[in-house]
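Reviewing the structure listed below.
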Amino acid sequence: MRTLVTGGAGFIGTHLVERLLKEGNEVICVDNFTLGKRENVDKFLDNKKYKFYEIDINDNETFCEKLKNEKIDIIYHLAANSDIQKGGKNPEVDYEDTFMTTRGVLELMRRNNIKNLFFSSTSAIYGDESDKMLSEDLGGLLPISYYGGAKFASENFISSYSYMNDFNTMIFRFPNVIGPNLTHGVIFDFAKKLKNNPKELEILGDGTQTKPYIYVLDLIDCIMFMTKQIDKGVHIYNVGVESATSVTKIADIVCEELGYKNVKYNYTGGNVGWKGDVPKFQYDLTKIHNAGWTANYTSDEAVRETVKVLKK
């Protein structure tokens, strides 16, 4: 199969590219290195089934022109702003890097008659619904962050493009993804802070924020399993784990695994780490489980494995 991975030099994208190549697929990778790393491209350049384009997807004419002769069977659209705090400081970041990249991919599909799409969405589209079990058919969604709004707008554009152009589309709404080669997020931040000051650790919020964390290799397994064949229309799945981990628990695991003892935790206060942060949520995973997939790692196990890799 001939695949296109947008954001293929990023954290999740690199793992997906590696798995696609391992299973014998041809991979075209697109990235502009806003968040992706060049070394994540260099490691695959000797593979004859791998091709890389350094392109800004938002330069739609260049994007479509460069790829017009590539016979693509499916697009894995991962390109987006994944640094939520960065996006929270400037709405332009998520408008350009999250929503407009989706519009660019959809135009490429429409113009080049590409029919299959995988889209990486997020739990953030649900907004702050801590008192509800989040199922895929929950209505009245009101995202509270620019990131969640841009992903939700992307889902709606995907829906309309899929109907108008007979696309076969699969959307995964997943929570925090962690694992090898993690570049940012709470685990990364804690390790960096402790390296600078082994005695004290600043924790945003009150530490009770509790969310599910999915191990990136579990996520890749699910993507590969579910996109072997996509039926016509739009198919949405919550993908995650049934357990969750608090921020304080993450701090405990980081300190334990990295060997920091008697660390004083300094909480900034409040039940969120930053404006737009959702402190707690719980997924209904019935649909993805019924499809035949379940994660191997619990949330706590995913955190611990990630710290172990970071330690190495």
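Bear in mind these aren't lab numbers, they're just calculated from the coordinates by the rules spelled out. Here the structure is a predicted model, which is why all the values come from computation and not from measurement. Glycine also receives a Cβ, built like all others from the backbone with ideal geometry; neighbour counts cover every protein chain displayed.
Can you tell me how much longer the chain between Glu54 and Leu138 gets when fully stretched, taken as 0.36 nm per residue apart minus their C-alpha distance, in nm with one decimal?
Numbers: separation 84, 0.36 × 84 = 30.24 nm, distance 3.80 nm.
Value of the extension gain: 26.4 nm.
At 222 nm, what value in deg cm²/dmol follows for the chain if DSSP H runs of at least 4 each add -39500 (n - 2.57) and the sum is divided by all its residues, to the nearest 500? Before the final figure, lay out each step's value.
Values: 12 runs with 117 residues, N = 312.
Rounded to the nearest 500, it is -11000 deg cm²/dmol.
Taking the Cβ of Phe225 as the center, what net charge do the other residues with Cβ under 13 Å away carry, scoring Lys and Arg +1 and Asp and Glu -1?
Details: positive: Arg19, Lys228; negative: Glu23, Asp218, Asp221.
That sum, taken over residues with Cβ under 13 Å, equals -1.
Provide the per-residue ³J(HN,Hα) series for segment 140-153, in order, calculated from phi with Karplus coefficients 6.51, -1.76, 1.60 and θ = phi - 60°, each as a whole number of Hz, with x at glycine and proline positions.
x, 6, 9, x, 10, 10, 4, 4, x, x, 5, 5, 5, 4
What is the distance, in nm, between label points placed 7 Å from the Cα along the Cα-to-Cβ direction at Lys89 and at Val309?
2.7
I want the local charge near Lys261. Using Cβ-Cβ distances under 13 Å, sum +1 for each Lys or Arg and -1 for each Asp or Glu among the other residues.
-2
Please list, in chain and number order, the residues 5+ apart from Ile203 or on another chain whose amide H is under 5 Å from its amide H, with Hs placed from the backbone.
Asn266, Tyr267, Thr268
Quick one: Cα centre-to-centre distance for segment 132-169 and segment 276-306, in angstrom?
Each part reduced to its Cα centre gives a spacing of 20 Å.
Between Ser159 and Asn69, what's the calculated FRET efficiency when r is the beta-carbon distance and R0 is 30 Å? Round to 0.05. List each step's numbers first, then the result.
Values: r = 29 Å, r/R0 = 0.96.
FRET efficiency, Ser159 to Asn69: 0.55.
In whole Hz, with x marking every Gly and Pro, tabulate ³J(HN,Hα) for segment 66-76 from phi via Karplus 6.51 cos²θ - 1.76 cosθ + 1.60, θ = phi - 60°.
Karplus-based 3J(HN,Hα) across segment 66-76 equals 4, 9, 5, 9, 7, 8, 9, 8, 8, 10, 9 Hz.
Hey, what did segment 98-186 get for relative contact order, percent, Cα under 8 Å, at least 6 apart?
Values: 93 pairs, mean separation 36.4, N = 89.
Once divided by the residue count of segment 98-186, the mean separation gives 41 percent.
With charges only on Cβ, +1 for K and R and -1 for D and E, what is the dipole size of the chain about its Cα centre, in debye, rounded to 20?
It comes to approximately 620 debye.
Which FRET efficiency, nearest 0.05, do Lys275 and Asn47 yield, Cβ-Cβ r, R0 41 Å? Before the final figure, lay out each step's value.
Working: r = 43 Å, r/R0 = 1.05.
The pair Lys275/Asn47 has a calculated efficiency of 0.40.
For Glu242 and Asn296, compute 0.36 nm times the residue count separating them, minus their Cα-Cα distance, and round to one decimal in nm.
On the way: separation 54, 0.36 × 54 = 19.44 nm, distance 1.11 nm.
Answer, rounded to one decimal: 18.3 nm.
Please state the relative contact order of the chain as a whole percent: Cα pairs under 8 Å, 6+ residues apart?
Computed value for the chain: 18 percent relative contact order.
Can you work out ³J(HN,Hα) from phi for every residue in segment 303-312, in order, using Karplus 6.51 cos²θ - 1.76 cosθ + 1.60 and θ = phi - 60°, giving whole Hz and x for Gly and Pro?
Computed from phi, the couplings for segment 303-312 are 4, 5, 4, 5, 5, 4, 5, 4, 4, 5 Hz.
Taking the Cβ-Cβ separation of Met224 and Glu200 as r and a Förster radius of 51 Å, what is the calculated FRET efficiency to the nearest 0.05?
The computed FRET efficiency comes out at 0.75.
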